[in-house]
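The values are calculated or read from the model by the stated rules, or taken from the named source; none is laboratory data. If you're wondering where the values come from, they're calculated on a predicted model, not measured in any experiment. As a convention, Cβ positions derive from the backbone with ideal geometry for all residues, glycine included, and neighbour counts pool all protein chains shown.
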């Protein structure tokens, strides 16, 4: 006997940020992610809009991972009346608390600039964390007597999970973000073989990264070139995963003397705290990295690496003479200490900006990527004379070919695919490729669409 379920698209559609999907079955309303919309500001004004559903009516929230564009509106949801249960993996729970508490500081700052109240406060975050429960990977748990959820590894960041929702033997998968496997630290993305319905990301649905085998060599070349120029290498880096991957790679390059001696500053209190969570969570790493750690190598610590936690320590970086590397958040340069460094160093052609992650439309990082000669930072127009380089091999997302390969694993059973979490051209291109190459029914939903599915 079949049943009907409904899926609604309330964020992460027509855009990369703001992920928010609603699954309804068996009288339960289950939300998957509740992310922040991001653009020119850390928190886009769309985050102030009311939800398209009644938060009090939601029974369960499933969280795929701890990036802010997937978790950033959860305290707003709680503030608006949500009192159900929140589920994630243990690392996502720990990282989320860290991320949300940091976000309240940024939201408060932006609210003062805008002359408005913040979207939520630290108290809302504390109330949010009281609703949280965790499950490990590969341990199905019941949401109703006949509806189960299982977390499988997405390979995107520490703790990232795809949601496998199974009702009457039929499974729908919500991917969240999919990792660019194989990665230096994490296990590869699990297969979706056997799934009937799929809601997937498409951030890089219309383009490929450079060869992953070349990424460390390209990183080495960029660092060596920057040092030879006598300049400063600035790396806007996401505090979770990208920072830790780069530390892992730098540890190897330094250990093998593959780059000249240079001072490296991790100038992000959030990234420093996140790195400590990574350090104690090595059971979630891939086997190769676990083997390295068991051999006695602290992969997040090496000579001439400095963690600068305080503002005073951060400001002293500018007094350090000679070439140096500065890693700081945010990854899209729309907030955090990296903005101070860019404002201080962008005018000098000796310096280099290295972009290693996705840059959302409207962000300073995106404008740098597009070759802007002037960017607006902290209300001032800043001339861009530094060299801007990009290294997509360290992207946390699967590229066009790997997304298609990921879908192909479920080709024999998939009936419908919803392509989301991407800019429109990227989502539409990937959906067309899936139709053309795999002969599967793939669509790009519109915002606030609702689709009924048979289970």
Query - Selection within segment 266-288 - touching a helix residue (DSSP H, G or I) at 6+ places or on another chain (Cβ under 7 Å), in contact (Cβ under 8 Å) with a residue 12 or more places away in the chain and part of a helix (DSSP H, G or I) - result: 270, 271, 273, 274, 275, 277, 278, 284
Report task. Determine whether residue 78 is buried (at least 16 other Cβ atoms within 10 Å of the Cβ) and assigned to a helix (DSSP H, G or I). Result -> yes
Requested in this report: Would you please name the residue that is farthest from residue 344 (Cα to Cα), looking only at residues in segment 361-385 that are part of a loop (DSSP other than H, G, I, E, B) and touching a residue at least 12 places away in the same chain (Cβ under 8 Å)?
Outcome: 361
Query - Test: residue in segment 136-144 that is crowded, with 17+ Cβ neighbours inside 10 Å, in a strand (DSSP E or B) and either at pLDDT 95 or above or assigned by TED's automatic domain parsing to the domain that holds residue 277 (or both) - result: no
Report summary line: All-but-one check, residue 238 against (1) in contact with a strand residue (DSSP E or B) (Cβ under 9 Å, 6 or more places away or on another chain); (2) closer than 23 Å to residue 160 by Cα; (3) buried (at least 23 other Cβ atoms within 10 Å of the Cβ), failing number (1)
Query raised in the report: Which one of the conditions (1) touching a residue at least 40 places away in the same chain (Cβ under 8 Å); (2) under 24 Å from the mean Cα position of the chain (by Cα); (3) more than 22 Å from residue 113 (Cα to Cα); (4) surrounded by 20 or more Cβ atoms within 10 Å (Cβ to Cβ) does residue 393 fail to meet, given that it meets all the rest?
Result: (4)
Requested in this report: Determine, yes or no, whether residue 321 is without any contact (Cβ under 8 Å) to a residue 12 or more places away in the chain and part of a loop (DSSP other than H, G, I, E, B).
Outcome: yes
Report summary line: How many residues of segment 204-232 are surrounded by 21 or more Cβ atoms within 10 Å (Cβ to Cβ) and under 29 Å from residue 280 (Cβ atoms)? The answer is 3
Report summary line: Selection over segment 398-426 where residues are part of a helix (DSSP H, G or I) and either within 29 Å of residue 169 (Cα to Cα) or touching a helix residue (DSSP H, G or I) at 6+ places or on another chain (Cβ under 9 Å) (or both) yields a count of 9
